[in-house]
Structures are given as structure tokens and as C-alpha cells.
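No value in this document is a laboratory result; all are computed from the given coordinates. All figures in this text were calculated on a predicted structure; none of them were measured in a lab. Cβ placement follows ideal geometry from the backbone for every residue including glycine, while neighbour counts extend to all protein chains displayed.
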Amino acid sequence: MTSTFNTQLHSLSFAAFILREIMDHPQEDETPQSRLKQVGMMSILYIMNQGHQALTISNLVEITKLTRMGVSEVIEPLLKRGMLTETFVKNSMGRGKARQFEIAPEIFEKLRAFGQSS
């Protein structure tokens with residue numbers, strides 16, 4: 001029972017942290033709509049991360065039903081903010097390169113520090 005509670009608490013902490021970071025710190029030339037899309041994308045990325053799914057453009061297109069360009073438009077500001085890191089890996093066919101993302105470890109470090117101070 002405790003582990004379920006901890007998982008829920010971690011999810012709520014993550015969501016609250018992301019919401020505050022994005023909404024309270026607008027980037028130059030960024031609209032409220034863009035920030036809201038970023039919050040939603042981070043929520044999807046977190047759920048994928050918890051499910052051990054690869055955070056790739058293709059997987060995001062499949063889940064969100066956005067176009068590749070639509071996904072990229074939301075991902076770019078998150079990379080700029082430092083909330084995501086990006087690496088290039090071989091694509092599913094093993095020939096070309098695919099962009100793979102990871103939620104920045106610093107976010108989880110801040111969440112752990114917050115949990116210890118409570």
C-alpha cells in the first residue's frame with residue numbers, strides 16, 4: 001500500500017513541479033498556449049518514462065496523434081528549458097538516426113530534495 005501511495009505522491013509532485021516551472025517562467029516570444037502544450041507533453045513523457053517506453057518522436061506521434069512537426073514544435077522549447085535531454089540513436093530499422101529524449105535528471109534530483117525536506 002505504501003508503494004502505491006509513494007507512486008501517486010511522486011506523480012503529483014512531478015506534475016506540480018512541471019506546471020510551476022513552465023507557467024511561472026515564460027520564455028521570450030512564448031504564448032500561454034505554447035506553455036500549456038509543454039505541460040501536457042511533459043505529463044505524457046512522464047507517463048511513458050514510468051512505463052519504460054522509449055521517448056522518441058515516433059512514439060509520441062503514435063500516442064498524441066500529432067504530426068512529427070507538431071511533436072517537434074512542443075519538444076523544442078522543453079529542450080531549450082533544459083527539461084529534456086536529447087540523444088541520437090539508430091532508428092527502428094537500424095539504418096538512420098532517431099531522436100530520443102530523456103527527462104532531465106536534474107528534475108528528479110529536485111523532486112527528491114523536495115521530498116526529503118518535507
**Asked** So for V74, V61, fewest C-beta neighbours within 10 Å to most, what's the order?
**Response** V61, V74
**Prompt:** Against the longest principal axis of the chain, how steep is helix 32-50, in degrees 0 to 90 to the nearest 10, with axes from Cα atoms?
**Reply:** 80 degrees
**Asked** Of the labelled options (i) 33, 17, 12; (ii) 20, 17, 13; (iii) 25, 19, 13, which one gives semi-axes √(5λ) of the Cα gyration tensor in Å as computed for this structure?
**Response** (iii)
**Request:** Please give the net charge around G70, taking every other residue with its beta carbon less than 13 angstrom from that of G70, where Lys and Arg add +1 and Asp and Glu add -1.
**Result:** 0
**Fill in**
Placing each pseudo-label 7 Å from Cα in the direction of the beta carbon, K80 and K65 end up separated by a distance in nanometres of 2.8 nm
**Message:** Given points 7 Å out from each Cα along the Cα-Cβ axis, report the M23 to V89 separation in nanometres with one decimal.
**Reply:** 3.2 nm
**Backbone N under 15 Å from the Q50 label point (7 Å along Cα→Cβ), restricted to the stretch 1-33** = 2-19
**Request:** Could you tell me which of I75, F88, L45 has its Cα farthest along the dipole of the chain towards the positive end, charges placed at Cβ (Lys, Arg +1; Asp, Glu -1), taken about the Cα centre?
**Result:** F88
**Fill in**
Simple spin-label estimate for A104/S11, 7 Å along Cα→Cβ, in nm, reads 2.5 nm
**Complete:** Per-residue Cβ contact counts at 10 Å, fewest first, order E62, E30 as E62, E30
**Prompt:** If the chain between S58 and E30 were fully stretched, how many nm would it gain, using 0.36 nm times the residue separation less the Cα-Cα distance?
**Reply:** 7.6 nm
